[in-house]
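> Take this structure, written in structure tokens, and hold onto it; I'll ask about it next.
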Amino acid sequence: QVQLVESGGGLVQAGGSLRLSCAASGLTFSSYAMGWFRQAPGTEREFVAAISWRGRSTYYADSVKGRFTVSRDDAKRTVYLQMNSLKPEDTAVYYCAANRYGSSSAPLSDYNYWGQGTQVTVSS
């Protein structure tokens, strides 16, 4: 059974930082691309960042470029999202997802497995 478990969410003031983690099990982690998505109440889930198989490439939404960094540790079967200079508009539930094809990409349909999400709240 494939399982993705996010952690690291919480409440932070604008301008602060958080690091999200997503631990994966039940899959050959190193061969999967991993993505981060977020969803605020009343909105559709949107792409945030992705990292390819073995971290050869990364891809970011324009809204987070220069502030967020996605990375992975294949030995720990974990993908991270370092979030700096947080803004109130970053408030959302953040989800990690796994793409078995291995390339970093934005479409939700490219991802085969999803985590349960972790809440990030940024206060002004």
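The values are calculated or read from the model by the stated rules, or taken from the named source; none is laboratory data. Keep in mind that what you see is a predicted model, and the values were worked out from it rather than measured. Cβ placement follows ideal geometry from the backbone for every residue including glycine, while neighbour counts extend to all protein chains displayed. SASA here: full protein model, heavy atoms, side chains in, ligands and nucleic acids out. Shrake-Rupley method; radii C 1.70, N 1.55, O 1.52, S 1.80 Å.
> Leaving out ligands, DNA and RNA, and with a 1.4 Å probe, what % of the accessible surface on region 44-124 is carbon or sulfur?
C and S fraction of accessible area: 45 percent.
> If you average the alpha carbon positions of region 1-73 and of region 91-123, how far apart do those two centres end up, in angstrom?
Spelled out, the Cα-based centre of one part sits 6 Å from the other.
> I would also like to ask the following. Which value, in Å², gives the accessible area per residue of the chain when a 1.4 Å probe is used on the protein heavy atoms?
Values: 6270 Å² over 124 residues.
Value for the chain: 51 Å² per residue.
> Can I ask one more? Evaluate Rg over Rh across the chain, taking Cα atoms for both radii and Kirkwood's formula for Rh.
Rounded to two decimals, Rg over Rh is 0.94.
> In the chain, what % of DSSP beta bridges are antiparallel (nearest 5)? Please list the in-between numbers first.
Details: 37 of 41 bridges.
Among the beta bridges of the chain, antiparallel pairing accounts for roughly 90 percent.
> Could you size up the charge dipole of the chain around its Cα centre, putting +1 on the beta carbon of Lys and Arg and -1 on that of Asp and Glu, and report it in debye to the nearest 20?
320
> Can I ask one more? Starting from the 7 Å offset along Cα-to-Cβ, what nm value, one decimal, do you get for the label separation of Ser30 and Ser85?
3.5
> Stretch Arg45-Thr121 to full length: gain in nm at 0.36 nm per residue minus the Cα-Cα span?
25.8 nm
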